[in-house]
1. Residues in the range 189-219 that are among the charged types (D, E, K, R), surrounded by fewer than 19 Cβ atoms within 10 Å (Cβ to Cβ) and within 12 Å of the ligand (Cβ to nearest atom): how many?
2. Only residues that are within 16 Å of the ligand (Cβ to nearest atom) and among the hydrophobic types (A, V, I, L, M, F, W, C): list them for the range 9-35, please.
3. Just checking, how many residues over the range 45-74 are touching a Phe, Trp or Tyr at 6+ places or on another chain (Cβ under 7 Å) and within 28 Å of residue 157 (Cα to Cα)?
4. List every residue pair whose Cβ atoms lie under 7 Å apart, where the two residues are 6 or more positions apart in sequence or sit on different chains, the first residue falls within the range 37-61 and is open to solvent by 60 Å² or more (accessible area, probe 1.4 Å), and the second residue, located anywhere, is away from the ligand (no atom under 16 Å from the Cβ).
5. Looking at 144, 150, 155, can you tell me which residue is closer than 17 Å to residue 225 by Cβ, within 14 Å of the ligand (Cβ to nearest atom) and either open to solvent by 10 Å² or more (accessible area, probe 1.4 Å) or of a type in the set (A, V, I, L, M, F, W, C) (or both)?
6. If you scan the range 163-181, which residues turn out to be basic (Lys, Arg) and either more than 11 Å from the ligand (Cβ to nearest atom) or surrounded by 12 or more Cβ atoms within 10 Å (Cβ to Cβ) (or both)?
7. Could you please tell me which pairs satisfy a Cβ distance under 7 Å, a separation of 6+ or placement on different chains, a first residue in the range 130-157 that is over 10 Å from residue 190 (Cβ atoms), and a second residue that is near the ligand (Cβ under 8 Å from one of its atoms) and in a loop (DSSP other than H, G, I, E, B)?
8. Can you tell me which residue among 72, 24 is out of contact with any Leu (no Cβ under 7 Å at 6 or more places or on another chain) and surrounded by fewer than 18 Cβ atoms within 10 Å (Cβ to Cβ)?
Amino acid sequence: MVKKQAIQWIVNQDTDVLNGIAAGIVFRVLVDILHPVIGFATGSTPVGLYQDLVQNSRANPKLLERWQHVIGFNLDEYVGLPENHPQSYHHYMWENIYQFLPVLPQHIYIPKVTGDLEVNCRTYDDTLANYGRQDLQILGIGKNGHIGFNEPAGNLVLNTHVTPLSEATRRANARFFDTMDEVPMRAITMGMGGILRAKRILLLAFGNEKREALLQAFSGTIGTECPASFLQLHANVTILTDQDMTAIF
Ligand code: PGA
């Protein structure tokens, strides 16, 4: 375990070990906080963590019971896919985690992508603000340094907003769709403010293709071309990775 600025790095070549450590951090929040507000990420990276959370919760009635009290907020959702589409993040969350746990559907928030999207964005931020802020935010990182769908740009956006997806992100996510044309062009994403207001951030970055993004994001400079670099300003970030990061320690 290495400390650089306020960032805690946990480096291990075995992603099962990293998922176990991450699950332990989530369980601590679940046990310590009466009504824990947890920010969830999607994508391929957190699938192992979610499996670990499900397995260990189902093996421990006291942990399982705690999920009734969880308030879940998702980082983002594609615009243009119905909730029941196999690639919607709504579907992903129920498929990978929520269906196995006694969460209360009325405590689960995923950006709504039908109706007036601007109103949906404001409602999302207001709802989160009513709960305070995330006790824990789980994050992945894009190869291009995005967090949520806050894509590299000249300016980043503070609040939840509708965003075009970059070509890089559409290409990266094309593996989940039959054709590139089916990859949505837009999404609703929590903004940089919503992410950075979380009390604690857990960033998972697995695989060699994430190494460059990590190096750029945590090398000590901050810029909108690498949204994850703003995490360096946060007081409580834990990064779990299987990549050798000695270049920046
Ligand atoms: P991935 O996506 O886990 O599918 O690599 C992470 C991200 O884009 O944030």
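1. 1
2. The answer is 18, 22.
3. The total comes to 5.
4. As it stands, the answer is 56/23; 56/63; 58/64; 58/100, since those pairs meet every condition given.
5. Working: 150 fails: either open to solvent by 10 Å² or more (accessible area, probe 1.4 Å) or of a type in the set (A, V, I, L, M, F, W, C) (or both); 155 fails: within 14 Å of the ligand (Cβ to nearest atom).
Selected residue: 144, the only one of 144, 150, 155 that is closer than 17 Å to residue 225 by Cβ, within 14 Å of the ligand (Cβ to nearest atom) and either open to solvent by 10 Å² or more (accessible area, probe 1.4 Å) or of a type in the set (A, V, I, L, M, F, W, C) (or both).
6. To start, the set of residues in the range 163-181 that are basic (Lys, Arg) comprises 170-171, 175.
Across the range 163-181, the qualifying residues are 170, 171.
7. Correct list of pairs: 138/41; 138/46; 139/41; 140/41; 140/43; 140/45; 140/46; 152/146.
8. Numbers: 72 fails: surrounded by fewer than 18 Cβ atoms within 10 Å (Cβ to Cβ).
Exactly one of 72, 24 is out of contact with any Leu (no Cβ under 7 Å at 6 or more places or on another chain) and surrounded by fewer than 18 Cβ atoms within 10 Å (Cβ to Cβ), namely 24.
The values are calculated or read from the model by the stated rules, or taken from the named source; none is laboratory data. Computed from a prediction, not measured in an experiment: that's the story for all the values here. Please note: Cβ atoms are built from the backbone with ideal geometry, for glycine as well, and neighbour counts cover all protein chains shown. Ligands, DNA and RNA are excluded from the accessible area calculation, which covers all protein heavy atoms including side chains. Shrake-Rupley method; radii C 1.70, N 1.55, O 1.52, S 1.80 Å.
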